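Asks: First, the structure itself, so that you have it in front of you.
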Amino acid sequence: MNECHYEQKMEFFYNHSNSKTEDDWSGARLIIILVFGSIFCFFIFLSNAMVIAAVITNKRFHFPYYYLLANLAASDFFAGIAYVYLMFNTGPVSKTLTVHRWFLRQGLLDTSLSASLANLLVIALERYISVMKMTVHSNLTKRRVTVLIIMVWAVSIFMGAVPSLGWNCICSLNDCSILAPIYSRSYLVFWSVSNLLVFFIMVVVYMRIYIYVKKKMIVLSPHTKGSISRKRTPMKLIKTVMTVLGVFVICWTPGLVVLLLDGLHCSSCGLLDVKQWFLQLAMLNSIINPIIYSYKDEEIRNTFRNMISCGRNRGRISRTSSRALSCSIEPSRNTEESSISFHKEVKA
């Protein structure tokens, strides 16, 4: 019977797996890392909070697609929390952590990745429904959207907790990985392969949706009025979410490949040398998404601008959220009219 080591500190597992923990993180270097990391996480919190606030305060965004987009921003906000916890519990501190605190540190990161991935899958479902009906927004009810959001977080939390629930190497040290010294190598293979497979499936789905809508737009272009092209169409929203998906895949794929190589016990791959760089690339994804929203979606950009100008005019941060609604662009029926007109053109 294998001996379990739940009472050991993480130093025991790091030494066993020959995994370094950056003991030279001290003095000025440590301060610089914490300062820049804190600034970076602040922008993650601020930018994603603005996306959530924009969806809440602007009635033009009260549609399933934007609710799910806000939930994706919430997962990025949660990722910021995970990065803050990681930042103050890494380096030389890693060896002093208990097994349970280390599981919490990694579980937060795994949950944030699972939440982002699950949100993109649900958004793909919403976009597919809307495309099949050739409307700007699907007819998913608020109740169904709420259920989907709850399911996203339930699945994400479960996926983040799987190693702490038993799929680890605490009772089988020979199966421990290098990058995650109490994670089983078999779990890393499962985790990385399953995520990479979902990446591939989503890319294929969105490409099929894009091609389908592109063909429809070509057929309809001689018959549609210029006013429709200037408003929201399914293609504009699909391009936005495809950009988000593309950046997500680019930011996370290198890290997942590294985990896969670790799971396959590639001892000559120099994984420890690239681990920190790929983690920073994954962190970058959480702040890029709001930039994509504001760049690709004029309505979100205008809402951001009004929220910022409102905050400046009021001069008090505590009043910004309460005044954001009054400063936002007044709701109109342009989006709904565009959807109805587009739908009629398809039927014609």
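Asks: Apply 1/(1 + (r/R0)^6) to the Cβ-Cβ distance of F158 and M217, taking R0 = 30 Å, and write down the FRET efficiency to the nearest 0.05.
Replies: On the way: r = 40 Å, r/R0 = 1.33.
Here the calculated transfer efficiency is 0.15.
Asks: Something else: Taking the full set of protein chains and a 1.4 angstrom probe, give the accessible area of E126 in square angstrom, rounded to the nearest 10.
Replies: It works out to around 0 Å².
Asks: Rounded to the nearest 10 Å², what accessible area does K239 have for a 1.4 Å probe in the complete protein model?
Replies: Probe radius 1.4 Å; accessible area of K239 about 80 Å².
Asks: In the stretch 47-68, which residues have a backbone nitrogen under 20 Å from the label point lying 7 Å from R144's Cα in the Cα-to-Cβ direction?
Replies: 61-68
Asks: Roughly how many Å² is the accessible area per residue of the stretch 48-135, as a whole number, for a 1.4 Å probe?
Replies: Values: 2600 Å² over 88 residues.
Counting only protein heavy atoms, the per-residue value for the stretch 48-135 is 30 Å².
Asks: Counting only protein chains, not ligands or nucleic acids, how are H5, H265 ordered by accessible area (probe 1.4 Å), most first? Working shown, then result.
Replies: On the way: H5 20, H265 105 Å².
Sorted descending by solvent-accessible area, the residues read H265, H5.
Asks: Here's another thing I want to ask about it. Tell me the accessible surface of M151 in square angstrom (1.4 angstrom probe, heavy atoms of protein chains only), to the nearest ten.
Replies: 110
Asks: Report the convex hull volume per residue for the stretch 26-100, counting only C-alpha atoms, in Å³.
Replies: Numbers: hull volume 6.1 nm³, N = 75.
Dividing the Cα hull volume of the stretch 26-100 by its residues yields 81 Å³.
Asks: Still on this model: Hey, what do the phi angles of the stretch 67-80 turn into as Karplus ³J(HN,Hα) couplings, whole Hz, using 6.51/-1.76/1.60 and θ = phi - 60°, x for Gly and Pro?
Replies: Couplings: 4, 5, 5, 5, 5, 5, 5, 5, 5, 5, 4, 5, 4, x Hz.
The values are calculated or read from the model by the stated rules, or taken from the named source; none is laboratory data. Bear in mind that the values here come from a model prediction, so they are computed numbers and not experimental data. Ideal geometry is used to build each Cβ from the backbone, glycine not excepted, and the neighbour counts take in all protein chains shown. Ligands, DNA and RNA are stripped out before the accessible areas are found, and what is left, the full protein with its side chains, is counted by its heavy atoms. Shrake-Rupley method; radii C 1.70, N 1.55, O 1.52, S 1.80 Å.
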